[in-house]
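Below: one structure, written as structure tokens.
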Amino acid sequence: MAMASSYLQCNHQHQLHLPSIRPNGFSFFKPKTNFRRTQLIKCTRKQVEVVYDPDERRNKLADEVDREAPLSRLTLFSPCKINAFLRITNKREDGFHDLASLFHVISLGDTIKFSLSPLKSRDRLSTNVPGIPVDDSNLIIKALNLYRKKTESDNFFWIHLDKKVPSGAGLGGGSSNAATALWAANQFNGCVATEKELQEWSSEIGSDIPFFFSHGAAYCTGRGEVVQDIPPPIPLDVPMVLIKPREACPTAEVYKHLRLDQTSKVDPLTLLAQISGNGLSQDVCINDLEAPAFQVLPSLKRLKQRIIAAGRGQYDAVFMSGSGSTIVGIGSPDPPQFIYDDNEYEDVFLSEARFITREVNQWYRESASTNACSEPPAFSETVG
């Protein structure tokens, strides 16, 4: 709100009646309004200058919320995921594809800070990365709008997203943000919705979002929204490295290049059983979206091949997550040396990670061991 000022003749025997200015710019006259808490008044011999200070007003309103609300602020970890295998099994009549995949949450993630808004009119989202939308197109705002629609809650929020997960990476960063926002909104509202309800609602705004309401490991089918929570089939201490080039793989483009007659024919339940019994290996980490993604981004295929060749057995498996463009190396937290030496890869995103889960009735917690080796480039928000 632009600063407004009025000049009035001083008369110590008369009370000043001034218009009350609302944040949306409209005003109305309210008799005998006391402005001492929301104005700075400078007196000279002949005039009074009234300076409206909206930031002071908002801060005082926020302080009142802190004092009165049972929960007024909440900081949550928003982790991403990888697909240990990803089979595309069918093309649906609605244009989507059926998949069967082992999803697992990993320790790389964003941090989201929520504060109850004292204005109760709209959400305000800020972020540390340029280019991310902060309007209703962001999945965080979509999730909060969805929660209010389902529960008739009147809570609005100030949100800050500290982004570490690159988008367009096949890691589900945007989907995780949405799930985290639904969880947060429910906490502020006294947990009136069950986790199952949150999971079911979330499928209305994204296919990958319901997975994050598992406990960290799940066998997902349908468009990804049919989630079968399973015990972790992989030891949680297995290290990995994530390597994502600056270029992203647009999911729609990858699916345009997909040919079902060229996908793997291995039963996904067989893959799940092999991983549960023997862990991750190159022959079970199958991703049917790799071939079309490599057509969209040929340099990604070269990157995978070079990692395998340079690793010399360093990794148990090297594969692409989701629709790309992140390549995952399982078995070591360290990238091969050429990533540091070759100028072609000076802008890649690097991070070590571990598998994580969450406890019952708790959200995910950040692992102290995760180390993102480079800042994510400027990117737009997408569902990985």
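Here the simple spin-label model places points 7 Å from the Cα toward Cβ, and for Cys191 and Thr270 these points are separated by 4.4 nm.
How high is the relative contact order of region 196-300? Use alpha-carbon pairs under 8 Å, at least six apart in sequence, and give a whole percent. Don't jump to the answer; show the numbers that get you there.
Details: 88 pairs, mean separation 21.2, N = 105.
Value for region 196-300: 20 percent.
A Förster radius of 30 Å combined with the Cβ-Cβ distance from Leu71 to Ser137 puts the calculated FRET efficiency at roughly 0.65. Label separation (Leu260 vs Arg302): 3.4 nm, computed from points 7 Å beyond Cα along the C-beta direction.
Determine the sum of side-chain charges near Ala293: Lys and Arg each +1, Asp and Glu each -1, restricted to other residues whose C-beta is under 14 angstrom from that of Ala293. Let's see the in-between values first.
Values: positive: Lys244, Lys256, Arg259, Lys301, Arg302, Lys304; negative: Glu247, Glu253, Asp288, Glu290.
Here the count lands on +2.
Rounded, prolate or oblate: which one fits region 125-227, using the alpha carbon gyration tensor with axes a ≥ b ≥ c (rounded when a/c is under 1.5, else prolate when a/b beats b/c, else oblate)? Verdict is oblate for region 125-227.
Extension gain, Gln362 to Arg246: 0.36 nm times the residue separation minus the Cα-Cα distance gives 38.4 nm.
Give, as ranges by residue number, the residues of region 189-227 whose backbone N falls under 16 Å from the point 7 Å along Cα→Cβ of Thr151. Under 16 Å, as judged by backbone N against the label point of Thr151, lie 189-203, 213 of region 189-227.
How would you rank 89-98, 186-195, highest first, on the average number of other Cβ atoms within 10 Å across their residues? Provide the component values of the computation, followed by the final result.
On the way: 89-98: 11.4, 186-195: 15.0.
The packing order, highest mean first, is 186-195, 89-98.
If you find the alpha carbon centre of region 337-367 and of region 176-196, how far apart are they in angstrom? What the calculation gives is 25 Å, centre to centre.
Rule-based calculations on the coordinates, nothing more; no lab input. Quick caveat: nothing in here was measured; it's all calculated off a predicted structure. Cβ coordinates were reconstructed from backbone atoms using ideal geometry, including for glycine residues, and neighbour counts include every protein chain displayed.
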